[in-house]
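Everything on this sheet refers to the single structure shown next.
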Protein chains: 4
Amino acid sequence: MTGPQTTRRKRANGVESRQRILDATVEIAGERGYDGTSIAAVSAKCGLPASSIYWHFKDKDDLIAAVIERSFETWLRAVELPGEDAGTPLERVTMMAANVARSLVAAPDFLRLGLMLALERRPTEPRGRTVFLQVRETAHQRIAEIVATLFPSLAEDVVDTLTTYAVAGADGLFVHREVTGDSVDLVALFELHARLIHDAAARMAAPAER
Amino acid sequence: MTGPQTTRRKRANGVESRQRILDATVEIAGERGYDGTSIAAVSAKCGLPASSIYWHFKDKDDLIAAVIERSFETWLRAVELPGEDAGTPLERVTMMAANVARSLVAAPDFLRLGLMLALERRPTEPRGRTVFLQVRETAHQRIAEIVATLFPSLAEDVVDTLTTYAVAGADGLFVHREVTGDSVDLVALFELHARLIHDAAARMAAPAER
Amino acid sequence: MTGPQTTRRKRANGVESRQRILDATVEIAGERGYDGTSIAAVSAKCGLPASSIYWHFKDKDDLIAAVIERSFETWLRAVELPGEDAGTPLERVTMMAANVARSLVAAPDFLRLGLMLALERRPTEPRGRTVFLQVRETAHQRIAEIVATLFPSLAEDVVDTLTTYAVAGADGLFVHREVTGDSVDLVALFELHARLIHDAAARMAAPAER
Amino acid sequence: MTGPQTTRRKRANGVESRQRILDATVEIAGERGYDGTSIAAVSAKCGLPASSIYWHFKDKDDLIAAVIERSFETWLRAVELPGEDAGTPLERVTMMAANVARSLVAAPDFLRLGLMLALERRPTEPRGRTVFLQVRETAHQRIAEIVATLFPSLAEDVVDTLTTYAVAGADGLFVHREVTGDSVDLVALFELHARLIHDAAARMAAPAER
DNA sequence: TATGAATGAGACTTCATTCAT
DNA sequence: AATGAATGAAGTCTCATTCAT
């Protein structure tokens with residue numbers, strides 16, 4: 001497919017080549033998923049021959065996993081850590097949600113590809129899927145801690161349920177935006193999401209008020 | 001065992017063959033997505049040769065679209081329509097949510113495959129994706145009508161936002177269950193989801209109470 | 001490919017069905033040759049299912065042969081037999097050539113498909129090819145007789161060479177028109193062809209004139 | 001026999017592989033035409049797996065086009081350019097015709113395959129067909145120039161008609177030989193062809209002589 | 001007189017991967 | 001650090017043909 005007619009040259013530069021391959025892969029895999037991502041397509045997009053991809057990555061699975069890892073790091077950098085204690089719980093929760101929403105708009109690859117991998121069930125689970133699920137489990141715990149801090153009187157299983165609900169809602173809203181298009185105001189939806197959860201938590205934390 | 005009338009026909013039963021093909025496809029496509037579904041795998045699972053599949057369906061795209069359509073109908077039948085006016089808005093909303101949750105547990109193929117298709121972006125959009133998005137748009141409007149009926153004082157755009165939020169949350173919770181496993185109590189999560197939305201709607205509908 | 005969705009009915013009418021199949025086949029085979037003519041394509045063009053084609057014709061080979069035979073008869077009818085003794089040899093020869101040219105423009109299928117078959121060399125020779133070559137051999141002899149009649153003093157092998165030359169030239173000019181398009185004036189070219197042959201024959205018949 | 005240096009390499013010799021593929025293809029396509037040429041057959045004949053063929057050629061169309069191009073070059077080399085000014089126009093024309101005839105006997109692939117492609121009309125025109133027709137158009141103009149040089153008083157459209165007639169006659173005679181077999185003396189027929197055209201041109205060039 | 005359904009073989013093409021250089 | 005060339009397996013789809021009805 002690449003054929004013998006291609007005659008590109010480049011100074012050997014391992015790091016840059018690796019980046020180019022990952023850039024190409026994230027774009028394709030984010031649109032087509034695991035099976036839809038062919039080495040030939042990556043090769044065509046990054047300009048390096050397929051055999052060079054195998055010099056940098058053991059196999060396709062390794063490549064996809066590397067993409068997941070790198071796009072996670074990219075996304076992490078896009079999440080600005082909020083000022084530690086900025087006012088009321090509602091304000092803090094809303095700000096965090098807006099933060100996450102903005103980061104997902106800026107760096108959607110991680111979640112996009114991750115969700116595609118997560119939904120698939122193949123005989124031998126891709127390493128990228130495992131990585132994604134682990135990262136997301138870590139995130140779950142981090143969020144649960146924050147919730148527990150903000151609402152100390154909540155029982156552990158309630159915190160867990162609310163956290164699950166928070167993450168699932170974020171996923172759903174993200175998918176909605178991916179499917180519907182850029183016109184969706186993800187920040188506003190995430191703020192609404194945060195407010196609803198906050199109110200529920202507040203009510204659950206202080207049942208006496210009723 | 002099946003008796004002597006089973007005369008090894010093997011010949012000519014179009015309707016049954018079509019069903020067998022669709023059964024096999026829904027199982028594979030629901031796990032592996034569009035690209036991961038190979039005609040050979042479908043053939044192996046349903047027992048008919050690949051060429052017979054092409055007698056019943058124009059091409060792979062047509063097959064996947066047919067699967068989406070049939071699994072949607074299956075799912076629709078699984079959603080029991082609730083008693084028309086059963087008590088308070090909260091009760092009605094909660095019951096509906098539980099209903100949908102139960103239907104998704106019983107017939108998850110439609111949403112599962114649909115979401116996989118929805119997340120993919122391929123050069124030529126599969127017809128199944130289009131069908132899924134259309135069906136879901138219809139559902140969105142149906143839900144919006146219900147919300148508007150239950151909370152007549154809500155502005156139209158608020159109803160729309162809440163509906164979007166409701167659907168997205170449902171998607172996210174469904175994905176959570178698909179990824180995490182059968183141990184997730186989808187009905188409980190959907191009831192929580194319904195309650196949060198209801199409370200938000202109630203508050204927005206009567207801002208004076210503040 | 002035709003699929004179960006096709007629901008056409010027709011009063012059973014063997015003769016008409018046969019004609020429709022042949023009509024469709026001549027069109028496709030005349031454009032695509034033996035290998036390029038698929039039963040499915042014929043079926044699509046004539047509206048009858050593939051299995052019906054096999055009711056009328058033993059196999060593909062039989063179908064193509066039937067097409068050759070029928071298109072030959074059609075062509076024969078298109079060649080108006082010229083008035084027996086119309087003037088000088090040049091006039092007669094020119095008129096005959098113009099006749100043939102006109103018939104080839106009106107009914108090109110026979111020669112078109114025939115030449116395609118003739119050029120191909122397949123392990124088991126199609127019956128249609130054999131038929132074509134036989135018909136053309138007969139034509140060769142008929143023409144040779146005419147030449148011998150018009151120029152009685154020519155040696156037999158000279159007559160044969162001239163006849164070969166006449167037929168080959170006709171083939172070449174026909175191909176030229178098929179390739180170049182309808183703008184080519186085949187009649188004029190055939191008349192030129194006839195004149196050149198006539199002059200050559202006349203000179204050979206009377207070498208004394210030199 | 002070939003000596004011990006033949007170390008069963010089997011590895012990496014792009015140029016030679018390409019030649020082997022083209023050799024195999026020209027043989028098959030020259031006998032069976034476009035549709036009759038299967039990649040599997042080429043693979044079997046050249047010893048390389050089908051996938052290797054696709055490394056050297058984008059697709060079947062590309063392969064056939066390459067065959068046309070190469071066989072044209074081969075044929076061009078087989079046409080010995082005649083001594084510039086060898087005697088009378090008749091002698092020169094006859095010599096050129098004999099030359100071409102000999103080249104067509106020695107390297108018939110170009111015209112053989114080209115004519116097969118030219119006669120076919122498929123929805124998407126093969127590139128090889130385009131190439132063939134272009135080459136042949138160039139040849140037409142080259143021949144027209146020669147005719148115009150030899151008979152300067154001929155009108156341009158007459159030169160064009162005679163050239164068309166010359167080429168078409170050559171095609172027809174070539175086809176005759178291909179169909180009839182090696183016993184046909186193509187050189188003699190081409191010389192006859194040349195003489196007839198020469199005489200016609202001479203007469204047209206000097207109408208006063210009449 | 002037809003045809004719906006089926007089928008094994010084979011079409012073109014792409015796949016992930018390897019390996020000598 | 002890279003790549004040209006190769007390859008077996010698998011991909012989607014079409015082929016000519018059959019057969020029970």
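Read-outs: derived from the displayed coordinates by stated rules, not from any lab. Values in this document were obtained by computation on a predicted structure and should not be read as measured data. As a convention, Cβ positions derive from the backbone with ideal geometry for all residues, glycine included, and neighbour counts pool all protein chains shown.
The table for this structure:
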read-out	value
Hits among aspartates and glutamates - C-alpha to C-alpha of B:K60 under 13 Å, sequence gap 8 or more where chains match	B:D35, B:E125
Exam field: B:R77 pseudo-label spacings to other copies (7 Å along Cα-Cβ), nanometres	5.4, 5.7, 7.1
Contact order normalised by residue count of segment C:67-209, Cα under 8 Å, 6+ apart, percent	32 percent
Shape call, segment D:81-197: gyration tensor on alpha carbons, a/c limit 1.5	oblate
Spin-label model distance (nm) - A:E137 vs C:D157, 7 Å beyond Cα toward Cβ	9.5 nm
Neighbouring partner chain Cβ atoms per residue of D:115-122, average, 10 Å criterion	6
Inter-copy label distances at C:E16 (7 Å, Cα→Cβ; nm, one decimal)	3.7, 6.6, 7.4
Around B:A40: net Lys/Arg minus Asp/Glu count, Cβ-Cβ under 15 Å	-1
Label zone at B:D61 (point 7 Å along Cα-to-Cβ), backbone N below 15 Å, segment B:121-143	B:121-132
Given charges at Cβ of Lys, Arg, Asp, Glu: chain B dipole, positive-most of B:A24, B:G47, B:Y165	B:G47
Proximal charge balance of A:A194 [Cβ under 11 Å; K/R count +1, D/E count -1]	-1
Shortest-first distances to equivalent copies, position D:A44, nm, label 7 Å out along Cβ	2.7, 2.8, 3.1
Rounded Å value of the spacing that divides the Cα centres of segment C:32-92 and segment D:88-112	35 Å
10 Å Cβ neighbours from other chains, averaged over peptide C:162-170	6
Helix-derived mean residue ellipticity, 222 nm - over chain D, DSSP H n ≥ 4, -39500 (n - 2.57), to 500	-25000 deg cm²/dmol
Only Lys, Arg (+1) and Asp, Glu (-1) charged, at Cβ; chain B dipole about Cα centre in debye	1140 debye
